[in-house]
Amino acid sequence: MNPTTTAAPPAPGKQRSAQYDAFHAARARTALVARMYTAAMGEDYPAEVAASSSCDWPLLGLMTARLCMCPGQLLVDAGCGTGGIGMWLARALALRLEGFDLSPIAVAQAAARRPHFFGDGIDRAAFRVAELEATGLPDGHAHGIVCVDALGRAADRDAAVRELGRVLAPGGRLVLTRSLRRGATPAWQEQARAAGLTVEHVDERPAEPEMWNRLYRLWIDHADELRRELGEIQAQNMLREAHQVLPTLPGRRAVLVTLRRPADAPAAPGAADRMTGPGRHPGDRPTPNERTAQ
């Protein structure tokens, strides 16, 4: 390289992607983090899902009920991580699935897990790299969307809700986890209105803050093991998060918010009733079956 040339810094999305890539790659090398989630959640930990989030059996049941989806419809898992939540829901409800995440490593791991959930029917699920604020999905593409513990890490939460609302078909629902510090005013009413959505349900999750309390204390108590198993950088990131968030947990409110696009909203071109299958993208030539259906 010419010594007088200064390399441009990586874009913010690339920087965040690299952080998540490193985390997912490190976690794949050890079962230590999964054991800590198991210890923190107890019998509520859905081991098959293996999510790095607050997802437990009660949340899976609640999302199943709030989505109100029919077999064969399309579910989008926004900020899917390694894909366990979306694939569990898609299998339970006989849905098709598209998941996206900022991390290429997580997306690759999600794709590799498809046979476990779907056997030979892996074409029921597709995964791609994208951001919450720029999904690359068509208008009205999804009958339902789930977003678990991902919105809080978006660069622009308002823009992310608008984007997910754009992707939602008329009558479809977006279910997302939210967390508020003591005394904070929730923003979901305004965010929903700006996205053309209505707030259908707000379900309290009173046990979640205490779960994070147990998990973070496990991280701190086992700091040496984290360093040995995950490496110094990943361990320090986790420990920093634990020390920063622990003092904010008392009085914290955790909820599952269900937003709905009105059923009488105008359907956009390429809406869910004419959507392409998983793994297909806007602009692809229709298959013979799709041409017949149209």
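Below is a table of values for the structure above.
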| item | result |
| --- | --- |
| Any hit, the stretch 261-283, residues being more than 24 Å from the chain's Cα centre (by Cα), at pLDDT below 95 and under 27 Å from residue 108 (Cα atoms) | yes |
| Filter result for the condition that a residue is closer than 22 Å to residue 144 by Cβ and in contact (Cβ under 8 Å) with a residue 12 or more places away in the chain, over 174, 215 | 174 |
| Condition broken by residue 65, with the remaining ones in (1) within 17 Å of the chain's Cα centre (by Cα); (2) part of a helix (DSSP H, G or I); (3) surrounded by fewer than 24 Cβ atoms within 10 Å (Cβ to Cβ) satisfied | (1) |
| Pair list, Cβ under 6 Å, 6 or more apart: the stretch 183-195 residue under 19 Å from residue 251 (Cβ atoms), other residue β-branched (Val, Ile, Thr) | 188/257 |
| Residues of the stretch 134-152 satisfying the condition of being closer than 17 Å to residue 241 by Cβ and of a type in the set (Gly, Ala, Ser) | 150, 152 |
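For every residue, the table says whether it meets (1) under 19 Å from residue 21 (Cα atoms); (2) open to solvent by less than 60 Å² (accessible area, probe 1.4 Å); (3) at pLDDT 95 or above; (4) touching a strand residue (DSSP E or B) at 6+ places or on another chain (Cβ under 9 Å).
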position	(1), (2), (3), (4)
69	no, yes, yes, yes
73	no, yes, yes, yes
77	yes, yes, yes, yes
84	yes, yes, yes, no
90	no, yes, yes, yes
100	yes, yes, yes, yes
129	yes, no, yes, yes
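The values are calculated or read from the model by the stated rules, or taken from the named source; none is laboratory data. On a predicted model such as this, the values are computed, not experimentally measured, just so you know. Cβ coordinates were reconstructed from backbone atoms using ideal geometry, including for glycine residues, and neighbour counts include every protein chain displayed. To get the accessible areas, we keep the full protein, side chains included, count just its heavy atoms, and leave off ligands, DNA and RNA. Shrake-Rupley method; radii C 1.70, N 1.55, O 1.52, S 1.80 Å.
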